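The structure appears below as structure tokens.
What follows draws every value from the coordinates through simple rules; no lab data is involved. Since the model is a prediction, treat every value here as computed from it, not as a measurement. Here the Cβ positions follow ideal geometry from the backbone for every residue, glycine too, while neighbour counts run over all protein chains shown.
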Protein chains: 2
Amino acid sequence: MKRIAESTVRRLSLYLRFLEDFEQRGQPTISSDELARRGGTTSAQVRKDLSFFGSFGKRGLGYPVAELTAQIREILGLGREWKVYIIGAGKIGAALAGYRGFRDRGFVVIAVYDTDPRKVGHPADEFSVRDMGQLERDAAREKPDIAVLAIPAEGVQPTVDRLVKAGFKAILNFAPAQIQAPADVTIRTVNMALELEGLSYALSNRD
Amino acid sequence: MKRIAESTVRRLSLYLRFLEDFEQRGQPTISSDELARRGGTTSAQVRKDLSFFGSFGKRGLGYPVAELTAQIREILGLGREWKVYIIGAGKIGAALAGYRGFRDRGFVVIAVYDTDPRKVGHPADEFSVRDMGQLERDAAREKPDIAVLAIPAEGVQPTVDRLVKAGFKAILNFAPAQIQAPADVTIRTVNMALELEGLSYALSNRD
DNA sequence: ACATGTGAACTGCTTCACAGCG
DNA sequence: CGCTGTGAAGCAGTTCACATGT
């Protein structure tokens, strides 16, 4: 299959949210124009995005909501549950462990890890924090799919190396650090300081 | 000044981090190539990014680390403190309130707000949660610059309307929702569900 | 008549390659 | 000679516009 732009995949996620709304309201079909307005894009963009994966619409009518919803779920790989380890039981890690938005979409947190002996064994939002030393053994048994990194920047690269060795192919990184990893490991970084600095730049440079 | 791409601004933030490292180590100059390797980009990209704002380097030598650091700080508007309100004292809001990375870069959280009477008055990481009803009055007095939104998706649009009316020109949104706002208000959205779905897509579609 | 699907045109970001200067 | 600064070329993502199917 042809390589798909990351921006396209992000928009598919958005469309999916809107479609779920429309589905719940019992709307049978939806036009690219309607989806576009809801998502802050253009109808041509919507049609192009979808066209990479097939022809889901009917000319003159639009897209069948239920079908398209199912199709996008399939495309995004949301037809199953993904097992998630959270690495780091600090404030961010604990907040993520209790974040309902994850489970609702099929991302099931199954454990939280930390190196700090004072945290290990204690609860972090319904999870008993596990010792980082167990990670490899646990991962071999539980076969988790995704690691969410919520640790200080200093420790990130060694930890990523460990996760890669343990077999993780997908990492969501919340630490403000640049990461090196093999090409077959997908990493998404959420860097809050970076976002804030973008706002700072915007505030400082409007005329 | 010419419009600068968001991608360029993001990279400047990254360069700044690396430059601070190099500065601390006492390295006097740095080449575009060195910066590029550290940031996972190319030397041409680094030079192009910087060239939008001026000529900071010396041919044959590279860039003076201390000077360039100061320049980028200036460009990003980091030569001052920005006052931040956090809206929403749930798990995410509370975690953000205690996040050291903010203050370290000049983003000073001065208050946390919530509508839930059970939370108001109680502490959320060293802050006593304020009633959302006070927001407008407080904002008129304290003149905050940035609002960080950490509330459920349903309430986002009305809250944004309120923040805009209260004078906020910059919003960092953690809710999984699309937002409408006037053009002179800058909004950055961090949507964790979206990032996870990007990973799901990557895991499902590698050959 | 209406709305999709899609080549073609366009826009804008990235990469190239080299002149220019220390 | 080394490394910057930058026009020009290349490429990727978006928008246009229309032929096509219902």
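Things to note:
- Top of B:126, B:197, B:20 by mean-square fluctuation, Gaussian network on chain B, Cα under 10 Å: B:197
- Sorted by Cβ density within 10 Å, fewest first, the residues B:107, A:56: A:56, B:107
- Working from label points 7 Å from Cα in the Cα-to-Cβ sense, the residue B:143 to residue A:6 distance is 3.8 nm.
- Reciprocal mean inverse distance between Cα atoms of segment A:6-75 - Kirkwood radius, Å: 11.7 Å
- As a length-normalised measure over Cα pairs under 8 Å and 6 or more apart, the relative contact order of segment B:71-147 settles at 33 percent.
- q = 0.12, 0.20, 0.21 Å⁻¹, segment B:82-194: log10 I(q)/I(0) [Debye, one scatterer per Cα]: -0.36, -1.09, -1.22
- Exposed trypsin sites (Lys or Arg not before Pro) absent - longest run of chain B, DSSP non-H/G/I/E/B, at most 12 other C-beta within 10 Å: B:119-205
- Relative contact order computed over segment A:82-194 (Cα-Cα under 8 Å; 6+ residues apart), in percent: 24 percent
- Size of chain B as Cα extents on the principal axes (Å, biggest first): 63, 50, 33
- FRET efficiency, 1/(1 + (r/R0)^6) with R0 25 Å, evaluated for residue A:153 and residue B:70 via beta carbons: 0.65
- Taking the DSSP beta bridges with both ends in the protein assembly as shown, the antiparallel portion is around 20 percent.
- Relative contact order, percent, chain B [alpha-carbon distance under 8 Å, six or more residues apart]: 13 percent
- Of all DSSP beta bridges confined to segment A:82-194, the antiparallel ones make up roughly 10%.
- Hull-based mean projected area of the protein assembly as shown, where the convex hull spans the alpha carbons, in square nanometres: 22.5 nm²
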